[in-house]
1. Going by the alpha-carbon gyration tensor, a ≥ b ≥ c the square roots of its eigenvalues, is the stretch 11-114 rounded (a/c under 1.5) or, if a/c is not under 1.5, prolate (a/b greater than b/c) versus oblate?
2. Lys/Arg Cβ at +1, Asp/Glu Cβ at -1, dipole of the stretch 19-177 taken about the Cα centre: which of A141, L113, S93 is farthest positive-ward?
3. Give me the percent of accessible area attributable to carbon and sulfur for the chain, probe 1.4 angstrom.
4. Among V173, L29, I129, whose Cα sits farthest toward the positive end of the charge dipole of the chain (+1 at Cβ of Lys/Arg, -1 at Cβ of Asp/Glu, about the Cα centre)?
5. So how strong a dipole does the chain carry about its Cα centre when Lys and Arg Cβ are +1 and Asp and Glu Cβ are -1, to the nearest 20 debye?
6. Could you tell me which trypsin sites (Lys or Arg not before Pro) in the stretch 38-129 are loop residues by DSSP with no more than 13 other beta carbons within 10 angstrom of their beta carbon?
7. Cross-link candidates for K83: which lysines have Cα within less than 25 Å, leaving aside residues fewer than 8 places away along the same chain?
8. Leaving out ligands and nucleic acids, note down the accessible area per residue over the stretch 43-163 with a 1.4 angstrom probe, in whole Å².
Amino acid sequence: MTLFWAILLAVGVLAAWLLTLIGMPGNWLMVAATGIYVWLIPKDAPTSFGWSVVVVLLVLAALGEVTETIASAAGAARQGGSKRGAVLALLGSILGGLAGVFVGIPVPIVGSLIAAVLFGGLGALIGAILGEKWKGRELGASWEIGKAAFWGRLLGTLAKALLGAVMVAVVLVALAT
């Protein structure tokens, strides 16, 4: 029965990692699922592992959040973006990421993931432009801030996704050893 739970954890952390690409808290879901697994699986089970794995995941998830936030904020702030633009860029990136999953790109298997990341960046761009225009900035300045929000969001998401991939690897290695 513990093999079933191990397989379920492996599938769960992979699914959570995919959620990270669309701006959802996938890395934190990996931490939670792994913590529940460690708590429920008997220590003498062949697929059990200790709380140290959860601590490693916790550190990696926190590092992913810090990295994504710094990259996203640095992009727009470097161009002089406002808090309103930043908030709308964040909302736009989440909505864009979700839209990308459903719209997709005609690339087999990974098309929806690529679209989610790109649409998340486009959502950040549009949100930042709207926020800066609402703040009273000229279109040219708003466009520059929007482009910076796009690249910040894209690079931040990719860095966070790479850390999420490391998290998946940590869980899979822990299950296998």
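1. In terms of gyration-tensor shape, oblate.
2. Result: A141.
3. Taking all protein chains in place, the chain shows 79 percent carbon and sulfur surface.
4. I129
5. 440
6. K43
7. Cross-link targets: K133, K135, K147, K160.
8. It amounts to 54 Å² per residue over the stretch 43-163.
The values are calculated or read from the model by the stated rules, or taken from the named source; none is laboratory data. Since the model is a prediction, treat every value here as computed from it, not as a measurement. All Cβ positions, even for glycine, are placed from backbone atoms using ideal geometry, and neighbour counts span all protein chains on display. Just the protein is used for accessible areas: all its heavy atoms, side chains included, with ligands, DNA and RNA removed. Shrake-Rupley method; radii C 1.70, N 1.55, O 1.52, S 1.80 Å.
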